[in-house]
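What follows is a single structure, written as structure tokens, with notes after it.
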Amino acid sequence: MSKTLRDWILMLAKESKYQLFTPYISWGILDEFGYRVRRNEPTLDDGVISTWRKQILKVTGQPLEGFPVGSVEGYPDQDDLHVHAAAQYCGMHILVTDDVKLLAYASTKESELTQNYETFSADDFLMHLTELSSLSLFAQVYVKHVKYALSRGYKDIDVCKALDRTKDRRGNIQRPLAPTFARFLRTNIINRPDVASAIDRFLTESADVPFPPSP
């Protein structure tokens, strides 16, 4: 799962004070996260990955561990059996993944016999959350995304574009991360008066402060 999607999901949990949902992660999934980041960005500083891992754990708490990992007949990817085991044996209600194999398997009859949890794509999960919470929560997290981008020196900020763009930063074609959720934000969030006012204030403040800020 991309950093963009992970940040949205974890920030919604944190900003709702975990009343909306509680996220969990296993050591195996955290290890896989580090492997995928390193594979995609071979020269990324180790400190960056370490910081991201700490940010994840700050929201999820102690990773799930100690559960058995067994074979499941018909499971689409043996390398992901640890993901199924973490969700199944630790009593998760929903597994959020963008793995197309796991999403396809979740719609089969076989999965009904082996999984006591639902499997959602990140886009579907984010839209599921929109049905459970007020618009103000999504406005709050949206504004935090904009504020963070400004603090990093970005000027041309389009939070929604990061969710539904069809090319990555290198220009390679990619599946949109969360196009339905991006449409929800454009329709319901970005034009709210409170959101526009907050962003105007951030833009004014950032214009008055040179980047990077003086120590």
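Take Phe67 and tell me if it is under 16 Å from the mean Cα position of the chain (by Cα) and of a type outside the set (A, V, I, L, M).
On the way: under 16 Å from the mean Cα position of the chain (by Cα): no; of a type outside the set (A, V, I, L, M): yes.
For Phe67, the condition - under 16 Å from the mean Cα position of the chain (by Cα) and of a type outside the set (A, V, I, L, M) - is not met.
Looking at Thr119, is it touching a Ser or Thr at 6+ places or on another chain (Cβ under 7 Å) and among the β-branched types (Val, Ile, Thr)?
yes
If I ask for residues that are surrounded by 19 or more Cβ atoms within 10 Å (Cβ to Cβ) and β-branched (Val, Ile, Thr), which ones from the stretch 75-111 would you list?
Selection gives Val83, Val96, Thr97.
Can you pull out every residue in the stretch 83-98 that is assigned to a helix (DSSP H, G or I) and in contact (Cβ under 8 Å) with a residue 40 or more places away in the chain?
Answer for the stretch 83-98, where residues must be assigned to a helix (DSSP H, G or I) and in contact (Cβ under 8 Å) with a residue 40 or more places away in the chain: Val83, Ala86.
Within the stretch 41-64, is there a residue that is touching a residue at least 24 places away in the same chain (Cβ under 8 Å) and touching a Cys at 6+ places or on another chain (Cβ under 6 Å)?
Yes, the stretch 41-64 contains at least one residue that is touching a residue at least 24 places away in the same chain (Cβ under 8 Å) and touching a Cys at 6+ places or on another chain (Cβ under 6 Å).
Tell me yes or no: at least one residue of the stretch 51-72 is β-branched (Val, Ile, Thr) and in a loop (DSSP other than H, G, I, E, B).
Yes, there is a match, as at least one residue in the stretch 51-72 is β-branched (Val, Ile, Thr) and in a loop (DSSP other than H, G, I, E, B).
Have a look at Gly74, Gly171, Gly153 and point out the one that is assigned by TED's automatic domain parsing to the domain that holds Phe21, at positive phi and at pLDDT below 95.
Answer to the check: Gly74.
Go through (1) surrounded by 12 or more Cβ atoms within 10 Å (Cβ to Cβ); (2) over 26 Å from Lys144 (Cα atoms); (3) in contact with a helix residue (DSSP H, G or I) (Cβ under 7 Å, 6 or more places away or on another chain) and name the single condition Glu65 misses.
The single condition Glu65 does not satisfy is (1).
Among the residues of the stretch 25-36, which ones are modelled with pLDDT of 95 or more and buried (at least 18 other Cβ atoms within 10 Å of the Cβ)?
Passing the criteria: Ile25, Ser26, Gly28, Ile29.
What are the residues in the stretch 156-168 that are outside any loop (DSSP other than H, G, I, E, B) and either assigned by TED's automatic domain parsing to the domain that holds Ser121 or surrounded by 15 or more Cβ atoms within 10 Å (Cβ to Cβ) (or both), if any? Spell out the reasoning first.
As a first pass, look at the stretch 156-168 and keep what is outside any loop (DSSP other than H, G, I, E, B): 159-164, 167.
Val159, Cys160, Ala162, Leu163, Asp164 - these are the residues of the stretch 156-168 that are outside any loop (DSSP other than H, G, I, E, B) and either assigned by TED's automatic domain parsing to the domain that holds Ser121 or surrounded by 15 or more Cβ atoms within 10 Å (Cβ to Cβ) (or both).
Out of everything in the stretch 37-60 that is of a type outside the set (Ser, Thr, Tyr), under 16 Å from the mean Cα position of the chain (by Cα) and surrounded by 12 or more Cβ atoms within 10 Å (Cβ to Cβ), what residue ends up being farthest from Gln88 (Cα to Cα)?
Among those that are of a type outside the set (Ser, Thr, Tyr), under 16 Å from the mean Cα position of the chain (by Cα) and surrounded by 12 or more Cβ atoms within 10 Å (Cβ to Cβ), it is Ile49.
The conditions are (1) of a type in the set (S, T, N, Q); (2) more than 21 Å from Ala13 (Cβ to Cβ); (3) not assigned by TED's automatic domain parsing to the domain that holds Pro76, and Gln115 fails exactly one of them. Which is it?
Condition (3) is where Gln115 drops out.
Of the numbered conditions (1) surrounded by fewer than 14 Cβ atoms within 10 Å (Cβ to Cβ); (2) at pLDDT below 95, Leu132 satisfies every one except a single condition; which is it?
Condition (2) is where Leu132 drops out.
Need the failing condition index for Ala122 against (1) out of contact with any Asp or Glu (no Cβ under 8 Å at 6 or more places or on another chain); (2) over 15 Å from Val195 (Cα atoms); (3) surrounded by 14 or more Cβ atoms within 10 Å (Cβ to Cβ), just the number.
Just one mismatch for Ala122, condition (1).
Test of understanding: among Lys101, Lys17, which residue is out of contact with any Leu (no Cβ under 8 Å at 6 or more places or on another chain) and either at pLDDT below 95 or in a helix (DSSP H, G or I) (or both)?
Working: Lys17 fails: either at pLDDT below 95 or in a helix (DSSP H, G or I) (or both).
From the options Lys101, Lys17, the qualifying one is Lys101.
The values are calculated or read from the model by the stated rules, or taken from the named source; none is laboratory data. What you see is a predicted model; the values in this text were computed from it and never measured. When we count neighbours, we look across all protein chains shown, and the Cβ atoms used for this are built from the backbone with ideal geometry, even at glycine.
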